[in-house]
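Before any comments, here is the structure.
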Amino acid sequence: MKNTLTLALLFMSSLGLFSQAEEKKTDFTLKEAQDFAVVNSYFTRGAIMDVTMAEQKVKEITGLGLPQITGNASYNYFIDIPTQLIPANAFDPNAPADEFAELQFGTKHNMKTGIQVNQMIFDGAYVIGLKASKTYRELAYAKKAKSVVEIKRDVVKAYGLAIVSKMNLDYVKENEAKLKSLVKENQAIYDAGFLEEKDLDQVKLLLLNTQSVLIETINGYKVSQDMLKFTMGMPIGETIVLTQDIEAIKKPFIAKNENLNAKLSLSTHVDYRRASANLESQSLSLSNEKMTYYPKLYGFLNLEGNNFGNKFNAFSSSGKWFPTTIVGLQLNVPIFTGGQRHMKVQQAKVGLEQAELQLEQMEQGLQLDLANKRNTYEAAMNKLDINQKNLDLSSRIKDQTRIKYKEGMSSSVELTQTENQFLQSQINFVLSMYDVITSKADLDYALGKL
């Protein structure tokens, strides 16, 4: 009975593990792949950690303005109590002037405990530092946003590469199947004595070349899947299924007029946001240096207790503690530092001017990058249109040549030429489709749309 129960529990556990494995995500649309990558990619996970650190930094700076409380305790045991010399005539007027009395002050056991409270009342650097820490956090969020849009762009490219590789693989497999059928037909014609061996070998050679291309294409497809998984932050050993093909995703990619007429919004572009946050950081740095001219005011409270005795009785009922309580203010007023403060302020001003220049440069750079990405996308679209026409034309030529070849009106050499021409047209079309996908992804990044 016990063994039966154990087996039943093991069976139920295995069912639970199996159901968990079944629930694991393996099928991805392009959007789902992007969402997965935003959370799981190595790049975004690192950026999320930076944000967490920035949040903790803000809390750290905020904590400097709260009361700082320190506890302390000390214990001294005097093996030999210090001896002091005092003129003997202080106690005996008749004592010689050069005679001293030896006195020992204190006890063997001395113990002190206390609590010290310090509170910042005014420190201009703290106020600026608090604002700067929030700007630091904004920089971390901007870095994270940049990582997110970059990973989305990279997933588009990797997903696009995988699906065009699959499309190319389907093309080659289709060609292989047709050539196998052609070889079979030619073999039958050759066996009947109506075809020269040279023509049969020519078609067989064409099939072998296509099968060699097929092996390379299969390997390229596997590599493209692994690249996509790495980009997404998915273990390479896991299986991934892409639920969208080129037909399912190509509509926004080939919307030529819409893409070319899209406008750049600087306020939403991650690179511009980072440059703006850097400008704010430099402005606060200048304010912080100026604050070094201002005085600083702190308050403090010290609570102490002292215990003395020739026997250690600090924690016994007979022990006596003598309290000391001090409350006060401390004002630090900067007077002269050898011109260091002035030089630091001047350096901060230059830093601010550099940040302003970088922001202006970033704006012009983004405009230039957008113009380049538009030109690249437009060229890719034009090339795609041409290669689409070439593919349609070479397909018709190939079909006509195959018909003529079967009817004995075309040579095997001409058939080989048209087959190779068609295969090259397919490759060119696939490559141009990938160029459109990548250039559109780069254009979206340049526009700040991601």
Legend entry - Whole-number D in µm² s⁻¹ for region 70-149, Kirkwood Cα-pair radius fed into Stokes-Einstein, 25 °C, 0.890 mPa s: 125 µm²/s
Inset, instruction - With an 8 Å cut-off on Cα pairs and a minimum separation of 6 or more residues, tell me the relative contact order of region 381-439 in percent. - result: 50 percent
Legend entry - Global form of region 144-259, assessed from the alpha-carbon gyration tensor, a/c cut-off 1.5: prolate
Legend entry - For region 410-450, diffusion coefficient by Stokes-Einstein and Kirkwood Rh (Cα), 10 °C, 1.306 mPa s, µm²/s: 128 µm²/s
Inset, instruction - Let me know the charge dipole size of the chain about its Cα centre in debye, to the nearest 20, where only the beta-carbon of Lys, Arg (+1) and Asp, Glu (-1) is charged. - result: 840 debye
Inset, instruction - Set Lys and Arg Cβ to +1 and Asp and Glu Cβ to -1, take the dipole of the chain about its Cα centre, and tell me which of Asn259, Leu331, Thr107 lies farthest positive. - result: Leu331
Inset, instruction - State to the nearest 20 debye the size of the charge dipole of region 244-308 about its Cα centre, where the only charges are +1 on K and R beta carbons and -1 on D and E beta carbons. - result: 280 debye
Legend entry - Max mean-square fluctuation residue, GNM over the chain, Cα-Cα springs under 10 Å, options Val345, Val327, Val149: Val327
Inset, instruction - Calculate, in nm to one decimal, what Val333 and Ser411 gain on full extension: separation in residues at 0.36 nm each, minus their alpha carbon distance. - result: 18.0 nm
Inset, instruction - Note the full-extension length gain between Ile386 and Gln340 as 0.36 nm times their separation in residues minus their Cα-Cα distance, in nm to one decimal. - result: 9.8 nm
Legend entry - Relative contact order [Cα under 8 Å, 6+ residues apart], the chain, whole percent: 22 percent
Legend entry - At R0 = 25 Å, FRET efficiency that the Cβ-Cβ distance of Thr268 and Leu357 yields, to 0.05: 0.65
Legend entry - Prolate/oblate/rounded label for region 210-318 (Cα gyration tensor, a/c 1.5): oblate
Inset, instruction - Please name which of Ile240, Gln426, Leu195 has its Cα lying farthest along the dipole of the chain towards the positive end, using unit charges on Cβ (Lys, Arg +1; Asp, Glu -1) and the Cα centre as origin. - result: Ile240
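Are any of the pairs Lys198/Lys398; Lys204/Lys383; Lys251/Lys383; Lys143/Lys440; Lys31/Lys398; Lys173/Lys404 more than 27 Å apart by Cα-Cα distance, and if so, which? Intermediate results must be reported in sequence, preceding the final value.
Numbers: Lys198/Lys398 20 Å; Lys204/Lys383 33 Å; Lys251/Lys383 17 Å; Lys143/Lys440 23 Å; Lys31/Lys398 38 Å; Lys173/Lys404 23 Å.
As for pairs spanning more than 27 Å Cα to Cα, those are Lys204/Lys383; Lys31/Lys398.
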Legend entry - Point-to-point label distance, Lys449-Thr324, nm (Cα→Cβ direction, 7 Å offset): 7.4 nm
Inset, instruction - Apply the Kirkwood formula to region 276-432: the hydrodynamic radius equals the inverse of the mean of 1/r over all pairs of different alpha-carbon atoms; give it in Å with one decimal. - result: 25.4 Å
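How much length is gained on full extension from Gln116 to Lys180, taking 0.36 nm per residue of separation minus their Cα-Cα distance? Spell out each step's value before the answer.
Values: separation 64, 0.36 × 64 = 23.04 nm, distance 9.12 nm.
Between Gln116 and Lys180, full extension yields 13.9 nm more.
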Legend entry - Ascending count of other beta-carbon atoms within 10 Å, so fewest first, for Ser318, Ser133, Ser41: Ser318, Ser133, Ser41
Inset, instruction - Run down the aspartates and glutamates and flag those whose C-alpha is under 16 Å from the C-alpha of Lys229, throwing out any fewer than 8 positions away in its chain. - result: Asp27, Glu32, Asp35, Glu150, Asp154, Glu238
Inset, instruction - Kindly put Asp50, Asp191, Asp271 in sequence by how many other C-beta atoms sit within 10 Å of each C-beta, fewest to most. - result: Asp191, Asp50, Asp271
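Please arrange Ile437, Ile79, Ile326 by counting, for each residue, the other beta carbons lying within 10 Å of its beta carbon, fewest first.
Fewest to most other Cβ atoms nearby, the residues stand as Ile79, Ile326, Ile437.
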Inset, instruction - Calculate the radius of gyration of the Cα atoms of the chain to one decimal place, then report Dmax, the largest Cα-Cα distance, as a whole number, both in Å. - result: 41.1, 154
Legend entry - Centre separation in Å (Cα based) which lies between region 81-109 and region 267-310: 53 Å
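The numbers here are math on the coordinates, done by the rules we state, and not lab data. These numbers come from a predicted model, not from an experiment. Cβ: placed from backbone, ideal geometry, glycine included. Neighbour counts: every protein chain shown.
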